[in-house]
Amino acid sequence: MTSTTASPTGGLITFYDIALAPPAEKFACSPNPWKTRYALNFKKTPYKTTWVPLLDISSVRGALNIPASRKFADGSPYQTLPVISDPATGRIVGDSFEIATYLQEQYPSSGAGDLFPEQELDFVFGRDLALFAPLAEAKSAEGTAAEYARFNKNVDAAFSAHVQLMAHGLPFDPAVAEECKAAFSRRAGMPWEVMRISGEGRTKLLKSFEEALGGLARLYERDASGPFLMGNGPNYADFIVGAWLRMSRGTLPKEEWEALKGWHSGVFGKLHEALKAFAQMD
Ligand SMILES: N[C@@H](CCC(=O)N[C@@H](CS)C(=O)NCC(=O)O)C(=O)O
């Protein structure tokens, strides 16, 4: 478990999200923190956001004394956000999936209710990924949450396989942009400029992205009333997809984001629009 317990004190939950270009609220597009923001807003659990600059994540998370939730391919710890710290219980939780299961267990009937209603989430992205840091397994998932954990991993994989379309669109803080690019290049083991994809390669990868999202779109077509997987109310599975749509919106060139919203009968555009009701920031 990527969590720890301190003494309960009372007060608001602190939610740690990644600050990219200022103002942080405008450019927030990190998918895992977005999953948490959607979940917190759904649960209506009062919280305040601490914006952590990308290059400060290791020191901020390190000071919270929780283990890393991911590892780099060489086995060394990869310090990530989101993290929440809940003074009502003293719990500090440092993995988006574990945060969602924590909120459900701790605040079962708060806000809009159940984050994990029972449903089949049979979306599989079968391709092997050569990522600089393998995707994390959610260890704590049991019961209905286990189905969501599998879904989380497959959705993460489908989007991560196409993240090269997004990397050069990341809205870095101009004051530290060069350091951020250098950090990403180091991890990926290639110069920043080599990570850029354009021309025919880009057209092919976009096509692959659209196809990869086809299986996901079919789940959205199950309940034609939409815009969410189970009709007119969202659950954590919608937040997983919606969080990656936030990343796509924040990093893809405008015309590609507009196209994505229209793929597969517009299910993703409609989902993104409907999730705005759960996207408020403090
Ligand atoms: N398994 C973790 C993964 C978190 C994760 O990968 N976070 C990314 C942002 S979406 C991060 O913190 N990246 C920081 C960096 O790349 O330096 C979770 O679900 O919370």
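The values are calculated or read from the model by the stated rules, or taken from the named source; none is laboratory data. Treat the numbers as computed from the prediction; the structure is a model and nothing was measured. Note that each Cβ is placed from the backbone with ideal geometry, even for glycine, and that neighbours are counted across all protein chains shown.
The table below gives the values:
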| read-out | value |
| --- | --- |
| Within segment 102-121, considering residues that are in a helix (DSSP H, G or I) and surrounded by fewer than 24 Cβ atoms within 10 Å (Cβ to Cβ), the one nearest to the ligand (Cβ to nearest atom) | Tyr102 |
| Filtered residues of segment 11-37 (kept if near the ligand (Cβ under 10 Å from one of its atoms) and either surrounded by fewer than 19 Cβ atoms within 10 Å (Cβ to Cβ) or in a loop (DSSP other than H, G, I, E, B) (or both)) | Cys29, Ser30 |
| From the options Arg61, Arg70, residue that is under 15 Å from the mean Cα position of the chain (by Cα), charged (D, E, K, R), near the ligand (Cβ under 10 Å from one of its atoms) and more than 21 Å from Ala237 (Cβ to Cβ) | Arg70 |
| Residue in segment 103-125 that is closer than 25 Å to Pro67 by Cβ, of a type in the set (Gly, Ala, Ser) and modelled with pLDDT under 95 present | no |
| Any hit, segment 89-96, residues being surrounded by 19 or more Cβ atoms within 10 Å (Cβ to Cβ) and assigned to a helix (DSSP H, G or I) | yes |
| Residues located in segment 161-189, provided they are under 17 Å from the mean Cα position of the chain (by Cα), part of a helix (DSSP H, G or I) and surrounded by fewer than 17 Cβ atoms within 10 Å (Cβ to Cβ) | Gln164, Ala167 |
| Filter pass, Leu129 being near the ligand (Cβ under 10 Å from one of its atoms), modelled with pLDDT under 95 and in a loop (DSSP other than H, G, I, E, B) | no |
| Candidate set from segment 124-160 (those that are more than 25 Å from Val52 (Cβ to Cβ) and among the polar types (S, T, N, Q)); member that is surrounded by the fewest Cβ atoms within 10 Å (Cβ to Cβ) | Thr144 |
| Where a residue in segment 38-56 is in contact (Cβ under 8 Å) with a residue 12 or more places away in the chain and in a helix (DSSP H, G or I) and its partner, wherever it lies, is surrounded by fewer than 18 Cβ atoms within 10 Å (Cβ to Cβ) and of a type in the set (Val, Ile, Thr), with Cβ under 9 Å and at least six apart | Leu54/Val176; Leu55/Val176 |
